[in-house]
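Chemist: This is the structure, below, for whatever I ask next.
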Amino acid sequence: MLKVPQLDEVTYDQIIQKAISRIPARTEDWTDYNSHDPGVTVLETFAWLTDMLNYYMDATGEAHVEKYLKLLGILPEMAAPATGYVVVEQKEKELVIPEGTELLAGEIPFETRKEYRGDKNRFCAFLRGQGESLVDLTAFAGVDGDYAEAFSERQGGEEEAETAVYFGFEGPLKEKDHLYFCVEKNERRNPFTGEFRLGIWNWQIYTAEGWKDTKVLDETCGFLRSGYVRPEVRETMAFWNPGDGLPGAYYLRAVRGEHQYDCAPRIGLVCVNPLEVVQKHTVCKEGERIPQFRIGMTDGCAGQELLFDYPDVKELSLLICDEEGGQELYHCTEHLEEADFDEKVFAYDRKRQVIRFGDGIHGAVPRQKQEIYVTGLVTSLCGEGNIQAGELNRFAKEGFSGCRIWNPQAIENGRSRETLRDMLGRMEQEILIQNRLAAERDYVKRVRETPGLMIDKVHVIPGRIYGSLHRQQLGGNEVVVVVKPWSREQCPDLSPVYRETIEAWLEPFRLINMKVTVVPPRYVGVEVYGRITLTRDTPQVRKAVWDCLKSEINGEDKKERFGAVIACGRLFVALENLEGVEKVQELNLERVGQAAGKNDRGDLLLHEDALPYLRDVKIEFC
């Protein structure tokens with residue numbers, strides 16, 4: 001006999017003892033705790049009922065737990081095959097690849113999702129325009145499979161020049177052509193959906209009359225992610241030669257307009273009319289009647305079950321055939337209990353590999369003495385069918401020698417059916433865990449999760465404290481969230497897009513009586529002056545001194561530095577502990593900015609909304 005897993009280890013005796021131990025806290029009049037007391041008898045009865053309920057709960061199977069989770073709105077995420085695209089490099093001018101053509105990545109099968117009809121065309125040039133100059137990036141990105149920045153990031157004090165990126169093709173684009181842009185994924189950026197953008201790009205094509213505006217459907221959201229760009233090519237494109245040794249081609253360009261980018265997007269290969277594929281293998285099409293897939297006869301009974309032992313089943317239907325040649329098609333459903341009495345559906349338990357018909361209340365019952373055939377059988381590895389870039393590179397059958405296929409990016413979105421453990425974890429996240437902004441950690445967690453943004457540091461300040469720093473009247477129901485975005489700049493500002501996006505993201509979680517304001521940090525530059533005696537004066541020792549000061553002041557090894565105390569004594573000790581430093585003769589700190597004070601010991605005291613950075617070091621080495 002299988003051992004029933006014991007989920008609740010509380011026994012009957014422990015239940016009754018716990019109940020009796022609470023009596024003195026409830027009343028002083030109940031003094032007899034023996035079994036003959038009527039009150040104790042009632043407690044023993046309820047303890048027995050609790051113990052019985054625990055037993056049945058412990059014996060509950062996964063199917064029952066899933067039903068309970070469904071009542072809470074937690075449905076399992078179903079298995080899904082990996083989907084992606086391949087680049088078709090054809091030798092012939094025209095090429096046709098039918099829908100459902102099988103491709104292989106090693107032994108893993110993929111199929112084309114649509115018919116491919118394409119003319120020979122290829123991405124061949126990638127230029128970046130900054131002001132009046134053009135830079136050829138083709139050798140660094142594009143055809144070589146690497147990535148290059150769409151624009152050069154402006155240095156402090158520089159005027160921002162007009163920026164455009166040019167994409168050249170061997171032939172002119174046509175009206176129904178679509179392009180897939182490979183954009184390097186920034187691991188720091190939070191995932192996002194929808195139309196989040198940090199900039200506007202105006203698209204143009206080169207024609208015999210010069211550059212002409214064209215409308216596009218841009219799924220990359222301004223080069224923030226890989227995706228399709230579908231230009232409306234209403235005019236004939238013309239060949240353009242930029243001169244100065246730059247490659248001539250048929251060019252499509254994107255001119256950057258108003259923007260608030262946190263870092264320059266990195267663009268790689270551009271694929272012309274890529275072919276969409278899905279990881280699956282069609283064993284037989286729906287409606288096909290194949291003798292080897294005959295699995296039995298109907299018995300006319302409610303809830304009839306049949307074994308169908310076949311690996312990696314993703315989709316299947318059943319063909320019910322009578323003696324007179326009539327046929328009925330039954331479709332697979334995940335929720336047989338929701339079907340009407342006359343719906344021709346069945347359920348397939350993939351763990352048990354069992355097909356089950358309806359009972360006449362939920363799902364129709366087939367008439368008896370009919371043959372049952374599996375049809376429309378499709379298999380997929382789902383979560384085990386993900387592949388790396390370049391692995392999908394050949395056709396399963398011959399006949400396509402005039403072209404080459406390959407996947408420039410990894411295909412990694414296949415997933416297996418969600419396990420019960422994962423569902424229970426998701427239930428805790430969605431139902432049991434506090435989602436409202438009640439404590440400081442709630443604000444920090446939510447801000448760091450803001451979709452589409454790259455957040456470096458977050459600090460929460462009560463409104464009254466922030467108001468006292470800035471001479472403002474803020475109430476007790478106000479909270480100020482100080483946010484530093486991630487940036488290559490030392491002191492990045494918080495752009496309006498960042499501020500609006502964070503406030504909109506926090507709004508559904510905000511307590512109804514709280515007012516939340518998002519502000520940027522104030523930066524305090526720290527200048528270090530001093531004199532240090534070295535045991536040996538080498539570039540390595542001087543660099544170690546600089547790195548030590550930068551680490552201690554910028555707090556690169558710490559999560560947050562808001563309102564920090566830059567202690568002169570701490571720096572003194574850290575420097576003297578460095579190898580190659582004999583003695584720190586003198587050390588003095590100065591501040592640049594209004595968000596810090598200085599005490600008698602020479603320590604810098606930052607305000608609550610301030611962050612320090614190492615601005616300058618003037619140390620005399622001897």
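The values are calculated or read from the model by the stated rules, or taken from the named source; none is laboratory data. Keep in mind that this is a model prediction, so the values were computed, not measured. Note: ideal-geometry Cβ built from the backbone for every residue, glycine included; neighbour counts use all protein chains shown. Note: accessible area is taken over every heavy atom of the protein model, side chains too, but ligands, DNA and RNA are not part of it. Shrake-Rupley method; radii C 1.70, N 1.55, O 1.52, S 1.80 Å.
Chemist: Before I look further, what does segment 23-91 give for accessible area per residue, probe 1.4 Å, in whole square angstrom? Write down the numbers at each step before the final one.
Modeler: Values: 4620 Å² over 69 residues.
Roughly 67 Å² per residue, with all protein chains present.
Chemist: Using the eigenvalues of the Cα gyration tensor, what equivalent ellipsoid semi-axes result for segment 523-582 when each is taken as the square root of five times the eigenvalue, whole Å, largest first? Could the numbers behind the result be given before it?
Modeler: Values: eigenvalues 103, 26, 21 Å².
Largest first, segment 523-582 gives 23, 11, 10 Å.
Chemist: Take the Cα pairs of segment 172-301, get the Kirkwood Rh, then feed it into Stokes-Einstein at 37 °C and 0.692 mPa s and tell me D in µm²/s. Working shown, then result.
Modeler: On the way: Rh = 18.5 Å.
Once the numbers are plugged in, D ends up at 177 µm²/s.
Chemist: Assuming R0 = 56 Å, can you tell me the calculated FRET efficiency for the pair GLU324 and LYS215, based on Cβ-Cβ distance, to the nearest 0.05?
Modeler: Values: r = 58 Å, r/R0 = 1.04.
Approximately 0.45, to the nearest 0.05.
Chemist: Taking H as built 1.01 Å from N, whose amide H comes closer than 5 Å to the amide H of GLY100, not counting residues under 5 places away?
Modeler: HN-HN under 5 Å from GLY100: THR112, ARG113, LYS114.
Chemist: Something else now. Calculate the translational D of segment 272-393 in whole µm² s⁻¹ from Stokes-Einstein, where the hydrodynamic radius comes from the Kirkwood formula applied to all Cα pairs, the temperature is 25 °C and the viscosity 0.890 mPa s.
Modeler: Numbers: Rh = 15.7 Å.
Stokes-Einstein gives a translational diffusion coefficient of 156 µm²/s.
Chemist: Grab every C-alpha pair in segment 73-152, bin the distances at 10 angstrom width from 0 up to the longest one, and report whole percents.
Modeler: Taking all Cα pairs of segment 73-152, the binned fractions are 13, 27, 27, 21, 11, 2 percent.
Chemist: In a solvent-free Debye calculation with one equal scatterer on each Cα, what is log10 I(q)/I(0) for segment 424-491 at q = 0.22 Å⁻¹, listed in the order of the q values?
Modeler: -0.99
Chemist: Compute the normalised compactness of segment 428-570: alpha-carbon radius of gyration over 2.2 N^0.38 Å, N being the residue count.
Modeler: That ratio works out to 1.32.
Chemist: Could you run the Karplus curve 6.51 cos²θ - 1.76 cosθ + 1.60 with θ = phi - 60° over segment 227-234 and give me ³J(HN,Hα) per residue in whole Hz, x for Gly and Pro?
Modeler: Values, residue by residue: x, 8, 10, 10, x, 8, 8, 9 Hz.
Chemist: Extending each Cα 7 Å along its Cβ direction at ASN34 and TYR68, get the distance between those two points in nm, one decimal.
Modeler: So the label points at ASN34 and TYR68 sit 4.0 nm apart.
Chemist: Return the whole-Å distance between the Cα centroid of segment 52-126 and the Cα centroid of segment 406-458.
Modeler: With segment 52-126 and segment 406-458 each reduced to a Cα centre, they are spaced 22 Å.
Chemist: Based on Cα coordinates alone, diagonalise the gyration tensor for segment 511-622, multiply each eigenvalue by 5, take square roots, and list the semi-axes in whole Å, largest first.
Modeler: Working: eigenvalues 205, 39, 24 Å².
In descending order, the three semi-axes are 32, 14, 11 Å.
Chemist: Kindly state, to the nearest 0.05, the FRET efficiency for GLU175 paired with GLU398, given R0 = 45 Å and r defined as their beta-carbon distance. Can you show the working numbers first?
Modeler: On the way: r = 33 Å, r/R0 = 0.74.
E(calc), rounded to 0.05, equals 0.85.
Chemist: If you wrap a convex hull around the alpha carbons of segment 292-343, what volume per residue comes out, as a whole number of Å³? Please report the intermediate quantities before stating the final value.
Modeler: On the way: hull volume 6.0 nm³, N = 52.
Considering the Cα atoms of segment 292-343, their hull volume per residue is 115 Å³.
Chemist: Here is a follow-up. Hey, any idea what % of the chain's accessible area is carbon plus sulfur with a 1.4 Å probe? Please report the intermediate quantities before stating the final value.
Modeler: Values: 16850 of 34850 Å².
Summing carbon and sulfur atoms, their accessible area is 48 percent of the total for the chain.
Chemist: What residues qualify as long-range amide H neighbours of GLY296, i.e. H under 5 Å apart, gap of 5 or more or another chain, H built at 1.01 Å from N?
Modeler: So GLY296 has HN proximity to ILE372.
Chemist: If you plug each phi of segment 32-45 into the Karplus form 6.51 cos²θ - 1.76 cosθ + 1.60 with θ = phi - 60°, what whole-Hz ³J(HN,Hα) values come out, in order, with x for Gly and Pro?
Modeler: Whole-Hz 3J(HN,Hα) from phi for segment 32-45: 9, 10, 7, 5, 6, 6, x, x, 5, 4, 4, 4, 5, 5.
Chemist: In addition: I'd like to know how segment 251-321 sits against the 2.2 N^0.38 Å rule of thumb: what's its Cα Rg over that expected value?
Modeler: Details: Rg = 25.5 Å, N = 71, 2.2 N^0.38 = 11.1 Å.
Ratio of Rg to 2.2 N^0.38 Å for segment 251-321: 2.29.
Chemist: Quick check: pseudo-label points 7 Å beyond the Cα along Cα→Cβ at GLU89 and GLU276, how many nm apart are they?
Modeler: Distance between the two pseudo-spin positions: 2.5 nm.
Chemist: If I stretch the segment between GLU44 and LEU494 completely, what's the gain in nm (0.36 nm per residue apart, minus their alpha carbon distance), one decimal?
Modeler: Working: separation 450, 0.36 × 450 = 162.00 nm, distance 6.40 nm.
Value of the extension gain: 155.6 nm.
Chemist: For segment 583-599, take each phi angle, set θ = phi - 60°, evaluate the Karplus expression 6.51 cos²θ - 1.76 cosθ + 1.60, and give the result in whole Hz per residue in order, putting x for glycine and proline.
Modeler: Those phi angles translate into 7, 8, 6, 8, 8, 9, 10, 10, 10, 10, x, 9, 9, 7, x, 9, 9 Hz.
Chemist: Please state, as a whole number in µm²/s, the translational diffusion coefficient that the Stokes-Einstein equation yields for segment 164-247 at 10 °C and 1.306 mPa s, with Rh defined as the Kirkwood radius across alpha carbon pairs. If you can, show how the numbers build up before the last one.
Modeler: Working: Rh = 14.5 Å.
D, rounded to a whole number, is 110 µm²/s.
Chemist: Can I ask one more? On full extension of the chain, what length is gained from GLU132 through GLU162, given 0.36 nm per residue of separation minus the C-alpha to C-alpha distance? Mind showing how you got there, number by number?
Modeler: On the way: separation 30, 0.36 × 30 = 10.80 nm, distance 0.84 nm.
Length gained between GLU132 and GLU162: 10.0 nm.
Chemist: Can you give me the convex hull volume of the Cα atoms of the chain, divided per residue and expressed in Å³?
Modeler: On the way: hull volume 194.6 nm³, N = 622.
Looking at the chain, the number lands at 313 Å³ per residue.
Chemist: With a probe of 1.4 Å, find how much accessible area segment 214-360 has per residue, and write the answer as a whole number in Å². Can you show the working numbers first?
Modeler: On the way: 7240 Å² over 147 residues.
The answer is 49 Å² per residue.
Chemist: Rounded to two decimals, what is the ratio between the C-alpha radius of gyration of segment 37-88 and 2.2 N^0.38 Å?
Modeler: Working: Rg = 22.9 Å, N = 52, 2.2 N^0.38 = 9.9 Å.
Taking N as the residue count of segment 37-88, the ratio is 2.32.
Chemist: Under 27 Å Cα to Cα from LYS515, which lysines show up? Leave out anything in the same chain fewer than 8 places away.
Modeler: LYS515 reaches LYS445, LYS457, LYS484, LYS559.
Chemist: Here's something else I'd like to know. Between LYS351 and LYS550, what's the calculated FRET efficiency when r is the beta-carbon distance and R0 is 41 Å? Round to 0.05.
Modeler: Numbers: r = 57 Å, r/R0 = 1.38.
FRET efficiency, LYS351 to LYS550: 0.10.
Chemist: Per residue, what accessible area does segment 504-563 have, given a 1.4 Å probe and all protein chains present, in Å²?
Modeler: Values: 3180 Å² over 60 residues.
Solvent-accessible surface per residue comes out at 53 Å².
Chemist: Taking amide H positions as placed in the peptide plane 1.01 Å from N, state which residues far from VAL354 in sequence (5 or more) or on other chains have amide H under 5 Å from it.
Modeler: PHE308, ASP349
Chemist: Quote the convex hull volume per residue of segment 322-470, based on C-alpha atoms, as a whole number of Å³.
Modeler: On the way: hull volume 38.0 nm³, N = 149.
That works out to 255 Å³ per residue.
Chemist: Ok, one more. In nm, what is the difference between 0.36 nm times the number of residues separating THR193 and LYS583 and their Cα-Cα distance?
Modeler: Values: separation 390, 0.36 × 390 = 140.40 nm, distance 5.61 nm.
That works out to 134.8 nm of additional length.
Chemist: Using a cut-off of under 17 Å, list every residue of segment 172-205 whose amide N is near the label point 7 Å from the Cα of GLU235 along the Cα-to-beta-carbon line.
Modeler: 172-175, 202-205
Chemist: Can you compute the helix-only [θ] at 222 nm over the chain? Use -39500 (n - 2.57) per DSSP H run of at least 4 residues, normalise by all residues, nearest 500 deg cm²/dmol.
Modeler: Dividing the helical sum by the residues of the chain leaves -5000 deg cm²/dmol.
Chemist: Which whole-percent values make up P(r) of segment 1-141 when all C-alpha to C-alpha distances are grouped in 5 Å steps starting at zero?
Modeler: All Cα pairs, binned at 5 Å, distribute as 2, 6, 9, 8, 7, 7, 6, 6, 5, 5, 4, 4, 5, 5, 5, 6, 4, 3, 2, 0 percent.
Chemist: What number of lysine-lysine pairs in segment 1-144 show an alpha-carbon separation below 30 angstrom, given a sequence spacing of 8 or more or placement on distinct chains? List each step's numbers first, then the result.
Modeler: Working: LYS3/LYS18; LYS3/LYS67; LYS3/LYS70; LYS91/LYS114; LYS91/LYS120; LYS93/LYS114; LYS93/LYS120.
Summing the qualifying lysine pairs gives 7.
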